[in-house]
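**Student:** Provided herewith is a single structure, encoded as structure tokens, for subsequent inquiry.
The values are calculated or read from the model by the stated rules, or taken from the named source; none is laboratory data. In this text, all values refer to a predicted model and were calculated from it rather than measured experimentally. Glycine also receives a Cβ, built like all others from the backbone with ideal geometry; neighbour counts cover every protein chain displayed. These area figures cover heavy atoms from the full protein model, side chains too; ligands, DNA and RNA do not enter into them. Shrake-Rupley method; radii C 1.70, N 1.55, O 1.52, S 1.80 Å.
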Amino acid sequence: MGSMVKISCKNCGYDIEAFFGEGMFSSMKNRNNQDKYIEDAKKGEYGEDIQKIVNENKDVYIAKAPVVAICSKCGAVEQTSDFMVYVNHHYAEHGKHFKKCEKCGGDAEIFDECSIHDAVCPKCHEKIDAGFSGLWD
């Protein structure tokens, strides 16, 4: 079950709803691709942080799930996907990482459901409010 988070700014009124986590369909897809995800992670294809987690632990599960990317250059907010890593059924935090913004090519920082609370508003750069708004499947 995935969750929806309302992201808003009290300063400028910016407001969106974002999707995070795994729904039933993505959960089945992740289970079917687990061997490939683990193999690619061990090669470093998802970054050094994830590579280290996978190589140092035995009970690892990798999920490709919805996340939000916020561009520091143009402020675009993009719903995208990223890899989440679980060790012994607990979420394993990994370092900040970025993707190229589809709008301007700048660096867009990736935020998952845990880190979105640290994001700043893409319009006015004040701290955003992020709160649970529902579940998706």
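**Student:** If I filter region 45-60 down to residues being open to solvent by 10 Å² or more (accessible area, probe 1.4 Å) and under 18 Å from the mean Cα position of the chain (by Cα), which single residue comes out as nearest to His117 (Cα to Cα)?
**Tutor:** Of region 45-60, the ones open to solvent by 10 Å² or more (accessible area, probe 1.4 Å) are 45-49, 51-53, 55-60.
Checking which are under 18 Å from the mean Cα position of the chain (by Cα) leaves us with 45-49, 51, 53, 60.
Details: Glu45: 27, Tyr46: 23, Gly47: 23, Glu48: 24, Asp49: 21, Gln51: 25, Ile53: 24, Val60: 26 Å.
The selected residue is Asp49.
**Student:** Would you mention how many residues in region 84-137 are under 17 Å from Ala18 (Cβ atoms) and in contact with a helix residue (DSSP H, G or I) (Cβ under 7 Å, 6 or more places away or on another chain)?
**Tutor:** The total comes to 2.
**Student:** For region 97-112, what are the residues that are outside any strand (DSSP E or B) and either touching a Ser or Thr at 6+ places or on another chain (Cβ under 8 Å) or within 19 Å of Ser27 (Cα to Cα) (or both)?
**Tutor:** Scanning region 97-112 gives Gly106, Asp112.
**Student:** If you don't mind, another one. Since Gly21 meets every condition but one in (1) in contact with a strand residue (DSSP E or B) (Cβ under 8 Å, 6 or more places away or on another chain); (2) exposed (fewer than 13 other Cβ atoms within 10 Å of the Cβ); (3) of a type outside the set (Lys, Arg), which condition does it not meet?
**Tutor:** (2)
**Student:** Please state which of the following conditions Ala63 fails to meet, knowing it meets all the rest: (1) open to solvent by 20 Å² or more (accessible area, probe 1.4 Å); (2) within 11 Å of the chain's Cα centre (by Cα); (3) at pLDDT below 90.
**Tutor:** Single failed check for Ala63: (1).
**Student:** Show the residue pairs meeting these rules: Cβ distance below 9 Å; 6+ apart or different chains; first residue within region 52-79 and free of Cβ contacts under 8 Å to residues at least 60 places away in the same chain and closer than 18 Å to Gly95 by Cβ; second residue of a type outside the set (D, E, K, R) and open to solvent by 60 Å² or more (accessible area, probe 1.4 Å).
**Tutor:** Every condition considered, the pairs that remain are Asn57/Asn88; Val60/Asn88; Val67/Phe19; Val67/Gln79; Ala69/Gln79; Ala69/Phe98; Ile70/Val120; Ser72/Phe98.
**Student:** Filter region 93-122 for residues that are surrounded by 15 or more Cβ atoms within 10 Å (Cβ to Cβ) and either β-branched (Val, Ile, Thr) or touching a residue at least 40 places away in the same chain (Cβ under 8 Å) (or both) and give the result.
**Tutor:** His94, His97, Glu109, Ile110, Phe111, Asp112, Glu113, Ile116, Ala119, Val120, Cys121, Pro122
**Student:** Given the criterion in contact with an Asp or Glu (Cβ under 8 Å, 6 or more places away or on another chain) and either open to solvent by 20 Å² or more (accessible area, probe 1.4 Å) or more than 26 Å from Gly131 (Cα to Cα) (or both), identify the matching residue among Lys36, Lys10, Lys29.
**Tutor:** Lys10
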